[in-house]
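Here's the structure we're looking at; comments come further down.
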Amino acid sequence: MIPVNTPLLDGNEKKYLIECIETGWISSEGPFVKRFEEQFAQTVQRRHGVACANGSGALDIAVAAVGIGAGDEVIMPTFTIISPAASVVRAGGTPVLVDSDPVTWNMDVAQIEAKITPKTKAILVVHIYGLPVDMDPILDVANRHGLTVIEDAAEMHGQSYRGRPCGSFGVVSIFSFYPNKHVTCGEGGMVVCDDDQLAERCRGLRNLCFQRERRFVHEELGWNYRMTNMQAAVGLAQLENLPKHVLRKREIGKRYQDQLRDLSSVQLPLSQTDYAENIYWVFGLVCNEDSAIDRSTVTSRLGEKKIGTRPFFWPMHLQPVFQNMGLFEGESYPVAERLGKQGFYVPSGLGLSDHDIRCVSTELKNIIADR
Ligand SMILES: *Cc1c(COP(=O)(O)O)cnc(C)c1O
């Protein structure tokens, strides 16, 4: 059995967790939370880190903190996890979608400007699967039109764009620490930013908008999205190993690239662009539409061999929940649709062995050569 993700917890995780238990500090008031926030923020060159219960919660906070509300339009990729669009819709805003680049799988930055209207308030950038979005054109459009950039860097710990860390580009940026990310807390997230007031706002939104002076009197609604000291203990230990984790992820990616290079009926991830080298958050493959092999055949055959896979994200404009709200009616984004239908990823976690990579590659080659 080779699961689609196996985490790697071989640093100080156990030691720090024992410290939580022995000192009795298990809630969000414990000392690891602040340490994790400070060290994480420093890693991505931001002034502030606000640790949260998960990445989706971090997005809720980020979207609310920059003031997205009723009537506001937010431009984002259709090919992404539901969280960013869900945060915008819950805030009363409207996601406005762009298609993907067929090679990088990230949002096609050339499509953004045509989507700007007087209601556009922000661009929500989501870096997908290990390669950053091409940020320079986005920062340029945002500047020219006075738009806020929100950055979802949930898959980008340790990645950089033209030498600058991902997570340092948004007015507010977020990370997730789910077990398949390069830094995990089991569950967890972080909002990062530079502005002192914005950081204060995020801290308030994370903690039910309690007020300092009149604790149980609320001017605004927030959430309980606090991170526990135990999550932060694991996160801090993971962060200490981030450079090692990124090296290993790139090694996993290179091994798959070498072993799968000759498969003609699938598209492999781009290994680099002129602005970044892939960190392979996951190793994705997209079946060519004109070949005899399709995703469901490949993934079910891999499943028979006890090899885990996951389909790619399902585009936002095809989500029943949004269609039922009357969103995205009649819109089509052909690249994202192809990725959503034909894309899947193979086991790519940090706990994967070289032997596992060889097994997965061999099975893939057998299945695809069978056709
Ligand atoms: C994982 C992920 C999230 C959500 O994070 P959770 O911690 O699972 O809530 C958000 N955006 C992207 C791009 C992700 O990959």
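Remark: V192 falls outside the filter, which requires a residue to be surrounded by 24 or more Cβ atoms within 10 Å (Cβ to Cβ) and assigned to a loop (DSSP other than H, G, I, E, B). Take the conditions (1) away from the ligand (no atom under 16 Å from the Cβ); (2) on the phi < 0 side of the Ramachandran plot; R162 misses just one of them, which is (2). Quick check: is even one residue across the stretch 99-112 open to solvent by less than 40 Å² (accessible area, probe 1.4 Å), farther than 23 Å from Y280 by Cα and assigned to a loop (DSSP other than H, G, I, E, B)? Yes; the residues of the stretch 99-112 include at least one that is open to solvent by less than 40 Å² (accessible area, probe 1.4 Å), farther than 23 Å from Y280 by Cα and assigned to a loop (DSSP other than H, G, I, E, B). Residue-level analysis places A91 outside the set of residues that are touching a Lys or Arg at 6+ places or on another chain (Cβ under 8 Å) and open to solvent by 10 Å² or more (accessible area, probe 1.4 Å). For the stretch 122-154, filtering for residues that are open to solvent by 10 Å² or more (accessible area, probe 1.4 Å), closer than 23 Å to I61 by Cα and either acidic (D, E) or at pLDDT below 95 (or both) leaves 0.
Among the residues of the stretch 333-344, are any farther than 26 Å from M1 by Cα and assigned to a loop (DSSP other than H, G, I, E, B)?
Checked the stretch 333-344: at least one residue is farther than 26 Å from M1 by Cα and assigned to a loop (DSSP other than H, G, I, E, B).
If A142 meets every condition in (1) part of a helix (DSSP H, G or I); (2) touching a helix residue (DSSP H, G or I) at 6+ places or on another chain (Cβ under 6 Å); (3) of a type in the set (G, A, S) apart from one, which number is that one? Condition (2) is where A142 drops out. Go through the stretch 293-332 and give me each residue that's modelled with pLDDT of 95 or more, of a type in the set (D, E, K, R) and assigned to a loop (DSSP other than H, G, I, E, B). If the condition is that a residue be modelled with pLDDT of 95 or more, of a type in the set (D, E, K, R) and assigned to a loop (DSSP other than H, G, I, E, B), then K305, K306, E329, E331 are the ones that fit. Helices (runs of 4 or more DSSP H) fully within the stretch 195-277 that include at least 3 residues being buried (at least 16 other Cβ atoms within 10 Å of the Cβ) and either at pLDDT below 95 or within 19 Å of the chain's Cα centre (by Cα) (or both): 229-240, 242-260.
The values are calculated or read from the model by the stated rules, or taken from the named source; none is laboratory data. Everything numeric in this text was worked out from a predicted model, so none of it was measured. Note that each Cβ is placed from the backbone with ideal geometry, even for glycine, and that neighbours are counted across all protein chains shown. Calculation scope for accessible area: heavy atoms of the full protein, side chains included, ligands and nucleic acids excluded. Shrake-Rupley method; radii C 1.70, N 1.55, O 1.52, S 1.80 Å.
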